[in-house]
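Please read the structure below before turning to the comments.
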Amino acid sequence: MYPSEVILEEQGLRDGLQVESMLLPTEKKVELIHRLMDAGLKRIQVGSFVNPKLVPQMADTAAVFAAIQQRPDVSLNALVLNTKGVERAVEAGFTHVAASISASDTHSRKNANKSLEEAMAEFESMVRTAKAAGMRVRGGLQCAFGCRYEGKIPAQRVLDLSKRHLDLGIDEIALADSTGMGNPRQMEEIMGQIVEMAGHVPVMLHLHDTEGKGLANVVAAMRVGVRHFDTAFGGLGGCPFIKGATGNIATEDTAYMLEQMGIRTGIDIAAIVAISCEMEEILGKKLPGKIKNVLK
Ligand code: ZN
């Protein structure tokens with residue numbers, strides 16, 4: 001029922017840093033990415049191509065990417081939210097982008113200034129542009145398990161949107177519990193169907209621990225076939241447009257639990273703990289991850 005191996009994608013440098021008021025220097029981001037690769041991460045989200053006026057923390061994504069000493073076994077991607085973002089990612093040399101829309105019409109209007117259908121049309125354009133440039137596309141849905149404005153998102157809507165995403169020929173599909181409202185039963189019911197629908201296309205899950213259910217949701221999703229999870233060192237993260245949104249599930253906590261369960265991640269937990277502790281000092285605050293308090 002449980003896999004022998006799970007792949008974690010580090011999102012601390014994007015989902016984590018985008019909500020911090022401090023601007024981390026480009027060189028520091030590059031250093032952290034090299035250390036994350038040394039610590040065994042095989043997938044890292046480097047940053048995003050969004051409006052630098054609204055999200056100045058991500059304004060240097062192209063410069064960060066250019067300075068990384070890439071490794072053949074590590075896949076680096078950037079988040080994009082519109083076609084212009086895809087074009088900037090292509091220009092910067094990325095070969096892998098993560099594009100997503102919100103499953104909540106209200107969140108989409110507030111966050112992207114688009115109705116759900118308008119966002120879907122933009123998503124199609126993003127996929128077309130990325131594919132034309134020969135990129136690998138991770139396509140996703142935000143707020144798939146609940147929205148602070150709309151409450152519960154109907155499972156059928158999530159399944160329908162996922163099917164439309166898959167029909168566009170995306171290479172990976174990612175569902176995000178952006179609000180942390182999802183629960184383990186929902187994970188089993190929805191993710192099981194997504195895994196079946198996706199066939200050979202890898203299915204990823206992006207979890208926030210806002211309501212304390214992050215790791216329970218990992219376990220539930222693994223039981224129905226999910227093998228890829230997004231995490232952030234220290235449990236850094238949030239969303240500026242979602243009320244009360246807190247961090248992603250912590251990379252070190254997730255890897256620690258999985259190793260205890262006999263599931264390989266290839267991650268050097270002590271090395272991640274060191275990064276998280278250093279980040280606490282840089283930001284001058286405690287981060288929500290738990291195991292660093294035990295192991296440091
Ligand atoms: Zn997130």
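The rows are residues; the columns are (1) farther than 23 Å from Glu278 by Cβ; (2) more than 16 Å from the ligand (Cβ to nearest atom).
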position	(1), (2)
Gly12	no, no
Gln18	no, no
Ser21	no, yes
Thr26	no, yes
Ile33	no, yes
Arg43	no, no
Phe49	yes, yes
Met58	no, no
Ala63	no, yes
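Looking only at the range 254-292, filter to residues that are within 16 Å of the ligand (Cβ to nearest atom) and either out of contact with any helix residue (DSSP H, G or I) (no Cβ under 6 Å at 6 or more places or on another chain) or not aliphatic (A, V, I, L, M) (or both); which one of those is modelled with the lowest pLDDT? Applying the filter and picking the extreme gives Pro288.
Counting the residues of the range 14-35 that are in a loop (DSSP other than H, G, I, E, B), closer than 14 Å to Ala232 by Cα and modelled with pLDDT of 95 or more gives 0. Do the conditions hold for Arg136, that is, is it away from the ligand (no atom under 16 Å from the Cβ), surrounded by fewer than 15 Cβ atoms within 10 Å (Cβ to Cβ) and either touching a residue at least 12 places away in the same chain (Cβ under 8 Å) or of a type in the set (Phe, Trp, Tyr) (or both)? No.
Within the range 15-35, the residues that satisfy the criterion of being within 21 Å of Gln69 (Cβ to Cβ), touching a helix residue (DSSP H, G or I) at 6+ places or on another chain (Cβ under 7 Å) and not polar (S, T, N, Q) are Leu17, Leu24, Lys29, Val30, Leu32, Ile33, Arg35.
Residues to consider are Ala39, Ala89, Ala78, Ala67; find the one that is surrounded by 16 or more Cβ atoms within 10 Å (Cβ to Cβ), of a type outside the set (Ser, Thr, Tyr) and touching a Lys or Arg at 6+ places or on another chain (Cβ under 9 Å). Give the derivation first.
On the way: Ala39 fails: touching a Lys or Arg at 6+ places or on another chain (Cβ under 9 Å); Ala89 fails: touching a Lys or Arg at 6+ places or on another chain (Cβ under 9 Å); Ala67 fails: surrounded by 16 or more Cβ atoms within 10 Å (Cβ to Cβ).
Exactly one of Ala39, Ala89, Ala78, Ala67 is surrounded by 16 or more Cβ atoms within 10 Å (Cβ to Cβ), of a type outside the set (Ser, Thr, Tyr) and touching a Lys or Arg at 6+ places or on another chain (Cβ under 9 Å), namely Ala78.
Among the residues of the range 212-234, those that are small (Gly, Ala, Ser) and either touching a helix residue (DSSP H, G or I) at 6+ places or on another chain (Cβ under 7 Å) or away from the ligand (no atom under 12 Å from the Cβ) (or both) comprise Gly212, Ala216, Ala220, Ala221, Gly225, Ala232, Gly234. If you take the residues in the range 188-211 that are aliphatic (A, V, I, L, M) and within 16 Å of the ligand (Cβ to nearest atom), which one is nearest to Thr251 (Cα to Cα)? The qualifying residue nearest to Thr251 (Cα to Cα) is Leu207.
The values are calculated or read from the model by the stated rules, or taken from the named source; none is laboratory data. Remember, it's a predicted structure, so these values are computed and weren't measured experimentally. Methodologically, a virtual Cβ is constructed for each residue, glycine included, from the backbone with ideal geometry; neighbour enumeration extends over all protein chains shown.
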